[in-house]
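The values are calculated or read from the model by the stated rules, or taken from the named source; none is laboratory data. Values in this document were obtained by computation on a predicted structure and should not be read as measured data. Neighbour counts run over all protein chains shown; Cβ positions are idealised from the backbone, glycine included. Surface accessibility is based on the protein's heavy atoms, side chains included, excluding ligands, DNA and RNA. Shrake-Rupley method; radii C 1.70, N 1.55, O 1.52, S 1.80 Å.
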Amino acid sequence: MGERVPRAERTHPEWFAPPNHGFAWLRMIGALVVIYGHSYPLVSGNDMFPPEWPVQPDHGLLMGFFAMSGFQITGSWVGDPHPIRFAAKRVLRLWPPMLSVSLFVALVLGPLVTTLPLAEYFGEQRTWGYVVGNTGMVTLRHQLPGTFASNPWDGSVNGSLWTLPMELIAYAGLWLLLLVGAARRRSRWLAVLALVVLVVVDRRMAHAPGPDSPGSLLSVPVEPLLSFLVAFAIGVVLRLYPVPRSPLAATAGLLALAAMPMSEATAFWMTLAVSYAVIVFGHHWPARARVPGVWVNGSYGVYVWAFPIQQTLVLAGIGNQWVLLALAAPIAYVVGTLSWKFVEEPTMRLRHYLAPRRAPSAAPADTDAPPVDHANERGDGPTTEPIGPLPKVPVEAPEERTAPVLPRVPPSGGSREGRRVPESPDDPRS
């Protein structure tokens, strides 16, 4: 039995863009909202929301990224359940943009803005530790010697990167889960079990004494990691099970969230409501809002490049959050689009060499897999799900990615009835 879709989607398929296009739009909007979320902290040195609040709105935005990522990456596995190809596609999606921004910041921007003599800057162990640590992704470094030290935000070079190790951990966990057969119809209860376990552990952590009691795993803070993994797992379950996608229910959930008092229960409801809503609205993105993929595929690049752009503008004397937003958003958008065209798209084309040798219309080898929603079949999206024609292999997009918000750097398609939906380029990622 296929996935149940809302009545409007069945009777008026022409109203909606392909889901991958909707996800790409949502990720781009989210990445631009992240720039807004960082603007006040970067000019003031203060958090936008009190850290003691149980409900952190910026985390809600991040949960949407993780939910889309879990949904689309699971679709990628359903379309091609091969462990090696799956892992290679994840690496090709997440790592090149991260590496390119880290190298640029350390070797080009850093020397331009550091207060140290160049010989001393390049002789510092911290300079090369930044490159090596960020290349490893789970061993992030956030500072370079002498850079942005006088800025209000603690001298951090790229505070946005802190969610990417979490994206990588989510990918690894899903890989193990799918390896034991969680995408098969008779075993997909394993995905639900994993979600329940994550919820239980996350809720226990939320009630543990002390805000930092869970500590960190390498450079990854454990408490937000668990919350984002819950959102990621919700996306996985929504992909494997035919849960109805109701815009009315999604809107009601968000309105209820806005009306709820500040509490731990509200924080958990935020995870559920936001995760469900982004999946629903991605499937109901209006067809009239479709644009060429290149204009919305660059959200991952926007996310990883915006923070150093904002820090540089603050160093240049911008001290008003709205002026910072007005300047940084268009610059980050252009740089993110260039990242898509010259880093992400070319590296994802390498997936052509990983393509399974079968006709595009051939059914997946695992006949026990859940029904395939072709509109998302190859939708792995990292932090942004690419749209638009690429090679035969669909391309994943920035949805897997992850992409993120203002948290302070931790201290130390197929067819809808009657309409054929073009395959997305092999698709946050996070």
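Tabulated results
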item: Members of the stretch 29-70 that are more than 19 Å from G298 (Cα to Cα), among the β-branched types (V, I, T) and at pLDDT 90 or above; result: V43
item: Number of positions in the stretch 117-146 that are touching a Leu at 6+ places or on another chain (Cβ under 7 Å), part of a helix (DSSP H, G or I) and open to solvent by less than 10 Å² (accessible area, probe 1.4 Å); result: 4
item: Listing of helices (runs of 4 or more DSSP H) fully contained in the stretch 180-269 that carry 1 or more residues being modelled with pLDDT of 85 or more and either at positive phi or open to solvent by 50 Å² or more (accessible area, probe 1.4 Å) (or both); result: 189-206, 247-259
item: The listed residue being open to solvent by 20 Å² or more (accessible area, probe 1.4 Å) and either assigned to a helix (DSSP H, G or I) or in contact with a Lys or Arg (Cβ under 6 Å, 6 or more places away or on another chain) (or both), out of L177, L164; result: L177
item: Candidate set from the stretch 51-99 (those that are assigned to a loop (DSSP other than H, G, I, E, B) and of a type outside the set (F, W, Y)); member that is most open to solvent (accessible area, probe 1.4 Å); result: E52
item: Residue count for the stretch 136-158, restricted to those that are of a type in the set (F, W, Y) and within 25 Å of the chain's Cα centre (by Cα); result: 1
item: Residue within the stretch 292-301 that is loosely packed, with under 15 Cβ neighbours inside 10 Å and within 28 Å of R239 (Cβ to Cβ) present; result: yes
item: Contacts under 6 angstrom Cβ, first residue in the stretch 254-267 being of a type outside the set (A, V, I, L, M), partner open to solvent by less than 90 Å² (accessible area, probe 1.4 Å) and not in a helix (DSSP H, G or I), 6 or more apart; result: S263/P54; E264/P54; T266/V55; T266/M260
item: Helices (runs of 4 or more DSSP H) fully within the stretch 270-360 counting 1 or more residues that are modelled with pLDDT of 95 or more; result: 299-315, 321-339
